[in-house]
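Novice: This structure is in C-alpha cells; I'll ask about it shortly.
Laboratory data are not the source of any read-out in this text; all were calculated from the coordinates shown. The structure displayed is predicted, hence computed values, not measured ones. Cβ placement follows ideal geometry from the backbone for every residue including glycine, while neighbour counts extend to all protein chains displayed.
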Amino acid sequence: MVEATHWERRPRGRAAGARITVLIARAIAWPSGRKASLQTTAPRFGMRTETRHLIALIAPAAILAPALLMAALLAGCSPGLAGIDREASKIISARTEALGGNAIAPTYEHLDPVRAQADEIRHTDQNTESFPETRNPAASELSIERADPRRTVQALLDRYKDTEPTMQRFTLEQTLKYAVEHAREYKTAKEELLLAALRLLTQRHLFGPRFFDEVTASFDGDPEDGDYEIATRLVNEFRVTQRLQTGGELSARALVNATEQLRRRVGDPDSESQSASIILSANIPLLRGAGDVAQESLISAERQMVYATRTFERFRQQFLFNIATDYFDLLRAQAQIENARRVLASRQALYKETEALYQRGRRAQFELSETQARVLSSENSLADQRDRYIVQLERFRIRLGLPPDNPYLIDTTSSFDLPVPELDVIESVRRGLLYRLDLQTTRDQLDDSRRGVANARNDLLPDLDLSASMTIPTDPSLKRSGLQLDEDEIGYNASITFGLPIDREIERIGLRQATIDLERSHRDVRETEDNIELSIRSAMRDIQLALFSLQIQNESIRIIRRRIEGLELRRADVTARTRIDAQDELSAALDARDAAIRNLRVAIMRYLLETGQFRVDADGQFIAPPGMEQLTPEEAEQLYQMGTSGEAVFEEVQAPIEGEPAESEPDSVPLRPEQP
C-alpha cells in the first residue's frame, strides 16, 4: 500500500488537468455505485493526504479503460468483411432458391476478405497526389526497330503453328466451366449481385435497432470578480433507436452527467456532482410520411434484390450462350483453315501437273501462269485465314480470363449437338412471355412505378406528427446519485404538430414526374413483350433457314463432287481453269455447309434462350429439358450430312418472314398475361 504524506504545489493549469483526470475516473466509478478509496502506506517519497483521491480514482480508471475500449470496439465495429459476406451470401442463396429454374447462387472466392486486408497492408500508398504521373514521350524519344522484310507473314504464322502441339486443348464443356470460374465479365456480374445484397443489408440495418454511445468532455470558464469560475463536465449518452416500418422512430437514451467546480478543492463534496437519466421518446407521423411510404427504401431494396437475382441468372444464360457461340465460330474458322489447306494442296498438285504438261508442250504458257497465280492466291488466303483465326482465338482467350502465358486451343474432336425442336409459334411465344426473367422484372418495375405515384401523392398531404417523451431522472437531492432513478421525478411530454400543405410545388412536380414514369413503364412492358416475340420468331426462322441452307449445301457438294469426278476422267481434255473453278465451287460449298452447321447449333441454343428455356448448372454446363438431350455422333452425322425436310418447314414459316401472319395464327395479344 501507498501512503501519501506530501503534496507538491503546482500551477493552476496542471492542477486543472489533474482534476479532470480525477473527474473521469470518478465518472467510471460512479455508475457502479462504488466509492474510490485506497488504504495507503508511506512510500520513499511522500505526498500530501489530498492526493489519495487522485490515486484512488486513476487506479480503477487505468484498470477499466482497456475493457471499456474493447467493449466499445466490439459494440461499434462491424463483424468484419467475412461476416458481411456471410450475411450477403445468405440473402443471395435465399433469393436464388426462390427463383427456381435450376438457378445457382454464385460463390465469391475471388473476394477473399483476408486477402483484401493483406493487400491493404502491403500497399500503403494512398495515391493522394493531385497530379498522377503521365507517360507520353515525344516522337523523338521513341525508338522502333525495323523488321526484316525477308521474314514473311507465313513464317511468322508458322512460328505460332510450331507451338500448337504443346498447347492445352479445351472442349466446350471445359471452356464453359473455365469461363464460369475465371471470366472477368462473369465475376463483374457476380459482384453486381453481391452489391445488391449489400444494399439490402444496409436498409435492413437502418430499420433494425441501432446502438450508439457518445462521451463528451467539456471545460467551461465563466468570469467572476476578475477571475474565472472553472468547471469540467463529462457526459456519457447511450441510446438505442428503432425506425418504424409504418413511419416514425422510437428511441431510448441513458445519460450520465458529471460536473466538478475546479476552483474548489479536490475532494470537497460540494465541488462535485453527478446525475443520470433515462429518456424514452417517440416521433410518429400520422399523415405525410406514414404507412408504406415510410419503408419505401426497404421495399425497394428487397425488390431490387429479386431483380438482381433474375438479372444474374439471365446473364448466366446469355453469357454461356455467347461463349458457346464464340466456340462454334472458332470451330468454323478451323474448318475453313483446313478447307483452305486442302485447296492449296490441290492447287499445288495441279500446278505441278500443269508444269509437267507444259514442259512436254501439252499446255500453254498462260495456263501454267494462271495455275501458279492461283497457288499464290491460295497461300495468301490460307495465311489470312490463319491470322484472323489467331486474333479471334486470342480475343476469346482474353474473354475467358486465361493468363497470357497459357495459350488456348479448342478440341475439334468434341461435339455439342442438340436436336431440332418442334417449332410452334403460338406455344413458343407463350413460353417466352411466361418464362423470360427480364420480362418478369420489367412487369414488376411497372408495379414500382405505380407505388411511386402513390408515394408522390402521400407527399402532398399535410404534416401531422405525434411526439411523446418520458424522462426518468435520478434523485436531484443527491450530489452523487449514481444510477438511483427516482420514480417520483418522472416527467412526461406529448405534442402533436400540424403543418398546412402550403408549399407543395416541388411535391406536385414530383407527382407529375411519377405519373410520366408510370406511362413510360407501361410502354416498356409492351415494347419488351414485342421484342421478345420478335426475337422468338427470329430464332425460329434462323433454325429453318439453317436447315434449308444445310440441305442446299449438301446437295451442292454432291453435285460438285460428281462434276469433279467427271473432269478427272477427262483430265487430258479439260483446261486448268475449269478444274480450278470446280475446286473453288467445292471449297465454297464446304464453307457454306460449315457455316450452316454453326448457324443451326447457335439457332437452336438461341431458341431455347429466347423462350426462357435455357438452363445451366453451377459449372456452366447445359441442362437439357426433356426431349432436348444431346445427339449421339451418329445422329449428328445423319442430321448434318443428309439434312432434314428443311424445304417443307422453310415454306411453312415463309409467310411470317415476309411479315404476313399465318392463317391459323390468331392475334398475338391474348398471348400476353393480363396485367393487374
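Novice: Report ³J(HN,Hα) in whole Hz for each residue of the range 487-503, in order, from the Karplus equation J = 6.51 cos²θ - 1.76 cosθ + 1.60 where θ = phi - 60°; Gly and Pro get x.
Specialist: 5, 6, 9, 5, x, 10, 8, 9, 8, 10, 10, 10, x, 5, x, 7, 9
Novice: Give the residues of the range 458-483 whose amide nitrogen is closer than 15 Å to a point set 7 Å from the Cα of Thr497 in the direction of its Cβ.
Specialist: Within reach of a label on Thr497: 462-469.
Novice: Between Arg520 and Ser414, how high is the FRET efficiency from 1/(1 + (r/R0)^6) when r is the Cβ-Cβ distance and R₀ = 56 Å? Nearest 0.05.
Specialist: 0.75
Novice: Given a Förster radius of 60 Å and the C-beta distance between Gln348 and Ala139 as r, what FRET efficiency does 1/(1 + (r/R0)^6) yield to the nearest 0.05?
Specialist: Given R0 = 60 Å and the Cβ-Cβ separation, E is 0.85.
Novice: If you take the alpha carbon radius of gyration of the range 534-602 and divide it by 2.2 N^0.38 Å, what ratio comes out, to two decimals?
Specialist: 1.46
Novice: Further, regarding this structure: Using only C-alpha atoms and all pairs of different ones, pull out the Kirkwood radius for the range 393-433 in Å with one decimal.
Specialist: 14.1 Å
Novice: Per residue of the range 233-247, in order, report the coupling 6.51 cos²θ - 1.76 cosθ + 1.60 (Karplus, θ = phi - 60°) as ³J(HN,Hα) in whole Hz, putting x for Gly and Pro.
Specialist: So the Karplus estimates, Gly and Pro as x, are 9, 10, 10, 10, 10, 10, 9, 10, 10, 9, 6, 8, 5, 8, x Hz.
Novice: Counting only residues 5 or more places away or on other chains, whose amide H sits under 5 Å from the amide H of Leu287 once H atoms are built in the peptide plane?
Specialist: Leu464
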